[in-house]
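What follows is one structure encoded as structure tokens, with my remarks underneath.
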Amino acid sequence: MKKNLKMVIILSFLLFIYISICAISYAQNVSTDIAESVFRLHVIANSDKEEDQNLKYIVRDNLLQYMNSICRDCQSKQEAILIVEENKSTFEQIASNTIKEHGYSYSVKINIGNFEFPTKNYGDISLPAGYYDALRVEIGEAKGQNWWCVMFPPLCFVDVSSGVVPDESKELMENSLSQEEFALISEHADNEIQFKFKLLEFFNNAGLITAKK
């Protein structure tokens, strides 16, 4: 009897290990695929003071306006990143000029890299926590609250009041992902997909998987 119980415990443990490995592998692949389909914007304020937070949004708006003018017809994340890299100095100049025009002398640092992001909702699209390629803008000491959005596909211009993501943006993202992966980040997902999204969040937040390069 003890021998059978021992065998059941061992088999149960091995089954648990197998399921865990499969779950982590699934979450890792999905996290990487989603991360590879988007290019994000990350603006960090000098501090949490109201005036610094307001300045952050003004810098953001001016950068997005420029980004929209040069990347309006981009069809891929790689194309968007290339254009931003070629115009990195202009982005920095726009941010610097905006800061000076509003009476501040903060420095500004702009980098294109792979950074950690929390789970974030954009209208009816939700991106899980993980590491994403992004244009990071640090204002002054960069000790204030962050602001995130997706530059490609262009989700930065989601109508906050209606929570509607443009169909063109959804189509670009849908073309970059599998049917299940796109369903995973959609608000209209069924219970099984929602569970998988929570699973993805859990592994990312626990640090068990990342899309870090």
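When the listed pairs LYS77/LYS100; LYS49/LYS77; LYS49/LYS120; LYS120/LYS170 are checked against a 26 Å cut-off, the alpha-carbon distance exceeds it for LYS77/LYS100; LYS49/LYS77. Extension gain, GLN93-ASP73: 0.36 nm per intervening residue step, less the Cα-Cα distance, totals 4.9 nm. When a/c is below 1.5 the answer is rounded, else prolate if a/b is larger than b/c, else oblate, so apply that to the stretch 30-74 with a ≥ b ≥ c taken from the square roots of the Cα gyration tensor eigenvalues. It is oblate, given that a/c is not under 1.5 and a/b is not larger than b/c.
Length available on full extension from ASN175 to LYS120: 0.36 nm per residue minus the Cα-Cα distance, which gives 17.7 nm.
Read-outs throughout are calculated quantities, based only on the coordinates presented, and are distinct from any laboratory measurement. Predicted, not measured: the structure shown is a model, and the values here were computed from it.
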